[in-house]
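Below you'll find the structure, written out as structure tokens, and then a few comments.
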Amino acid sequence: MRKPGAFWAATLAIAMLLPGSVVVGQMGADSPEGKPPLLSGLDKRFIDAGADPCIDFFKYACGNFIKYYPIPKDRSGYGVGAMVNDRNEYILHTMLEKASAGGADRTANEQKIGDYYSSCMDVDAINKKGLQPLQADLNRIAALKNKKELTPLLAHFQLINANAFLGFGEQQDFKDATKQIALVDQGGMGLPERDYYFRTGEAAEKTRKEYVQHIANMLKLMGEPEAAAASDAQKIMQLETALAKASYDIVTQRDPNKVYHLMPVSDLQKLTPEIEWTKFLADAGAPGTTELNVTNPDFFKGLNELLKSTDMETIKAYLRWQLINGVPSISLPAAFDAENFAFYAHKLRGQPEQRARWKRCVQATDGALGEALGQVYVAQEFSPASKEATVQMVKDIETAMDEDIDTLDWMSAETKVRAKAKLHAVADKIGYPDHWRDYSKLRVERDDAFGNAQRAVVFENNRQIAKIGKPVDRGEWGMSPPTVDAYYNPSMNDINFPAGILQPPLWDPKATDAENYGHIGGVVGHELTHGFDDEGRQFDGRGNLSDWWTAEDEKKFIEKADCTVKEYGNFVAVDDVKVNGKLTLGENTADNGGLRLAFMAFLEDAKRKNIDLSEKQDGYTPIQQFFLGHGQTWCGDTRPEQLRTQVQTDPHSPRQFRVNGVVQNMPEFGKAFGCKPGQPMMPVNACRVW
Ligand SMILES: [Zn+2]
């Protein structure tokens, strides 16, 4: 599922399709200590009155946050979004405890979510089984006699999320969004991104050394003697480095034209003759596929050379590693879980301790059965009034964009007509889907954590693959209802706001309109603007990759966007590591355009309701409240290791720049806080795209 416009999460366009996700080790208390607090729309405790809002608005709005809420030991960063998430986790935990208590009167969905959760919590049963659940796959690897036999194994690996050599999945055809097609993607690496294999400098070299050690440790836990594990880990690293060499970096992967190469399967066969593609597709659940998107043809050429030149024993070691790394570690024995945590969470992200098991099992259940869990969540936590208010805000912000397009001085009348056609075609999805996913074919057993996790993965992958060749379901959601996030999907041309993010303080029925527009209004504007950022603007209202811009307007867009690239590219995130202005361009464009739209909509709302914009309430004018609402969306702190990883992998800028980078482009902010032109938050050369 492609979610390029997510609001909080690190999503890397197509690279997120199928490869195994990173889940980590175990420790911590196994029941909640109490219901996490609800923050209010504007929390004056967090304001650092000693800071100058014109010099560093993030410090002013959020400077005291960490005095109240320092980063917990089980987090690599913490803030308002994480607090909303904590509260949702607590609520879901209560539901799951109830459902897991059993009883004959449970509905089919209650049985599934309850038993999934309960099996996940049963560490003793997981430890007792050891690696037995993986034995069949390990035997298959051991029995490989030649490279010809690799094809069916690689297809099987795709279905169980073992990220060996490549990625496979389904997407809407970029150039014909009514069609669902197969795609093969670069893949097969265990580090977060291709540049991790090549970046120079002490920190990067240390990470590579730790990664090789981690692979060796996992192989040792699987029963290899120490010397063999160490030598295999080195060979695996060499193999992954060769895959990385043939891979696109993350900036390139954001360019839809660079990751779209529709071709007949016979052409792919010429690129990678070592794999028998017709068999691969049939075994992976897509028989009869005649054409597909090969995202990166050079990768598949490189893969062929690599398959030819690598000996079978190294390939087998690599497959064992990718198999174990693809399994959610929470369903593996404790030693594996702890080793996985030590590398991916502790070393890469600086997280001191593993999260409590109940929290991880809540997340795992949501990941596997999100729309079953979500039905109960929505009934309890998302009132019709909340839905109505959000629908209204979305409409207001869409109206603001309509007016914004009218007033743009750089865009021609011709392109404006097409921009508006796209805007009017955006589908709004709020809270939860109209039709719930049917999990009746997914078997969940009370004492089988590993089997449940694997069946859920296969169920979801089969569901995705089954879409190939079928009409598009426009009502589908790519996030579960309790998720604290939002996204825009260019192929669907839809904006999606799960009920999980429509919660205080982001949307607070008790807050002022100004605060709500600053908080959730900014989120809504952000997702809408994604349809018009450097990536989204290349798709039209029907979701097709087609150039609807005049050459002159496109040139002006690129010039304006370049200002944003430079602005953010100068922000220093940690040590000497700067924000990647090109990687974060789409998100920064969405942050900037989004808050401007929210501001316009707020002014309209104030007019409608006769709100006096000069009258202070609780110490702040409504416009100041609006900006404080925006600023406080990002209150929090991030560990340095996580910051480094974020800047190198995540298209979202670090939190302080999502505040300061935006307000310094809005002269309305400087005016509201009495800043002087030339001060940091009111620069003379502000950037503006939308
Ligand atoms: Zn976004």
Open item on the list: Please go through segment 355-404 and give me each residue that is within 24 Å of the chain's Cα centre (by Cα), over 30 Å from residue 574 (Cβ atoms) and not in a helix (DSSP H, G or I), ordered by number.
Closed with: 382
Task: Cβ pairs under 6 Å, 6+ apart, first in segment 579-602 and in contact (Cβ under 8 Å) with a residue 60 or more places away in the chain and more than 13 Å from residue 397 (Cβ to Cβ), second among the β-branched types (Val, Ile, Thr) and not in a helix (DSSP H, G or I) - done: 589/689
Task: segment 650-664, residues that are in contact with a Leu (Cβ under 9 Å, 6 or more places away or on another chain) and more than 15 Å from the ligand (Cβ to nearest atom) - done: 663
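Of all residues in segment 37-55, which are of a type outside the set (A, V, I, L, M, F, W, C) and either over 28 Å from the mean Cα position of the chain (by Cα) or surrounded by fewer than 17 Cβ atoms within 10 Å (Cβ to Cβ) (or both)?
Of all residues in segment 37-55, those of a type outside the set (A, V, I, L, M, F, W, C) come to 37, 40-41, 43-45, 48, 50, 52-53.
Passing the criteria: 37, 40, 44, 45, 48, 50, 52, 53.
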Open item on the list: For segment 101-137, give me each residue that is over 31 Å from the mean Cα position of the chain (by Cα) and surrounded by 16 or more Cβ atoms within 10 Å (Cβ to Cβ).
Closed with: 106, 129
Open item on the list: With the structure loaded, tell me whether residue 685 is assigned to a loop (DSSP other than H, G, I, E, B) and away from the ligand (no atom under 16 Å from the Cβ) or whether it fails that test.
Closed with: yes
Open item on the list: Please go through segment 227-270 and give me each residue that is over 22 Å from the mean Cα position of the chain (by Cα) and part of a loop (DSSP other than H, G, I, E, B), ordered by number.
Closed with: 246, 261
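Can you find, within segment 460-490, the residue that is nearest to residue 156 (Cα to Cα) among those that are among the hydrophobic types (A, V, I, L, M, F, W, C) and within 16 Å of the ligand (Cβ to nearest atom)?
So the first thing to find is which residues in segment 460-490 are among the hydrophobic types (A, V, I, L, M, F, W, C), and the list is 465-466, 468, 472, 477, 479, 484, 486.
Now narrow it down to the ones that are within 16 Å of the ligand (Cβ to nearest atom): 479, 484, 486.
Values: 479: 25, 484: 32, 486: 32 Å.
Among those residues, the one meeting the criterion is 479.
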- [ ] Kindly check whether there is at least one residue in segment 491-502 that is assigned to a helix (DSSP H, G or I), among the aliphatic types (A, V, I, L, M), more than 16 Å from the ligand (Cβ to nearest atom) and crowded, with 24+ Cβ neighbours inside 10 Å.
- [x] yes
- [ ] Take residue 522 and decide whether it is of a type outside the set (Asp, Glu), within 22 Å of the chain's Cα centre (by Cα) and in a helix (DSSP H, G or I).
- [x] yes
Open item on the list: Exactly one condition in (1) touching a Pro at 6+ places or on another chain (Cβ under 6 Å); (2) surrounded by fewer than 18 Cβ atoms within 10 Å (Cβ to Cβ) is false for residue 187; which is it?
Closed with: (2)
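Filter segment 1-59 down to the residues that are aromatic (Phe, Trp, Tyr) and at pLDDT 90 or above, then identify the one that is nearest to residue 359 (Cα to Cα). Spell out the reasoning first.
From segment 1-59, those aromatic (Phe, Trp, Tyr) are 7-8, 46, 57-58; that's our starting set.
Next, from what is left, pick out any that are at pLDDT 90 or above: 46, 57-58.
Working: 46: 27, 57: 33, 58: 30 Å.
Applying the filter and picking the extreme gives 46.
Would you mind stating whether residue 573 is aliphatic (A, V, I, L, M), touching a residue at least 60 places away in the same chain (Cβ under 8 Å) and over 19 Å from residue 488 (Cα atoms)?
Details: aliphatic (A, V, I, L, M): yes; touching a residue at least 60 places away in the same chain (Cβ under 8 Å): yes; over 19 Å from residue 488 (Cα atoms): yes.
Considered against the rule, which asks whether it is aliphatic (A, V, I, L, M), touching a residue at least 60 places away in the same chain (Cβ under 8 Å) and over 19 Å from residue 488 (Cα atoms), residue 573 comes out as yes.
For residues that are of a type outside the set (Phe, Trp, Tyr) and either free of Cβ contacts under 8 Å to residues at least 24 places away in the same chain or buried (at least 22 other Cβ atoms within 10 Å of the Cβ) (or both), tally how many sit in segment 619-635. Spell out the reasoning first.
Going through segment 619-635, the residues of a type outside the set (Phe, Trp, Tyr) turn out to be 619, 621-625, 628-633, 635.
Retained after the next criterion (residues that are either free of Cβ contacts under 8 Å to residues at least 24 places away in the same chain or buried (at least 22 other Cβ atoms within 10 Å of the Cβ) (or both)): 622, 625, 628-633, 635.
Residues that pass the stated criteria total 9.
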Open item on the list: Exactly one of these conditions fails for residue 395: (1) surrounded by fewer than 23 Cβ atoms within 10 Å (Cβ to Cβ); (2) in contact with a Pro (Cβ under 7 Å, 6 or more places away or on another chain). Give me its number.
Closed with: (2)
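Is it true that residue 169 is touching a strand residue (DSSP E or B) at 6+ places or on another chain (Cβ under 9 Å), at pLDDT 95 or above and not in a helix (DSSP H, G or I)?
Details: touching a strand residue (DSSP E or B) at 6+ places or on another chain (Cβ under 9 Å): yes; at pLDDT 95 or above: yes; not in a helix (DSSP H, G or I): yes.
Yes.
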Task: Residue among 506, 528 that is more than 23 Å from residue 377 (Cα to Cα) and buried (at least 24 other Cβ atoms within 10 Å of the Cβ) - done: 528
- [ ] Considering only segment 601-674, give the helices (runs of 4 or more DSSP H) lying wholly within it that have at least 3 residues that are β-branched (Val, Ile, Thr).
- [x] 640-649, 655-663
Task: Of the criteria (1) of a type in the set (Phe, Trp, Tyr); (2) crowded, with 19+ Cβ neighbours inside 10 Å; (3) outside any helix (DSSP H, G or I), which one residue 436 fails - done: (2)
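Is it the case that segment 505-522 has a residue that's within 30 Å of residue 672 (Cα to Cα) and either within 12 Å of the ligand (Cβ to nearest atom) or free of Cβ contacts under 8 Å to residues at least 24 places away in the same chain (or both)? Spell out how you get there, then give the answer.
The initial filter retains those residues of segment 505-522 that are within 30 Å of residue 672 (Cα to Cα), namely 505-522.
Going one step further and asking which of them are either within 12 Å of the ligand (Cβ to nearest atom) or free of Cβ contacts under 8 Å to residues at least 24 places away in the same chain (or both), we end up with 522.
Yes: one or more hits.
The values are calculated or read from the model by the stated rules, or taken from the named source; none is laboratory data. Everything numeric in this text was worked out from a predicted model, so none of it was measured. Neighbour counts are summed over all protein chains in view; Cβ atoms, including those assigned to glycine, are modelled from backbone coordinates with ideal geometry.
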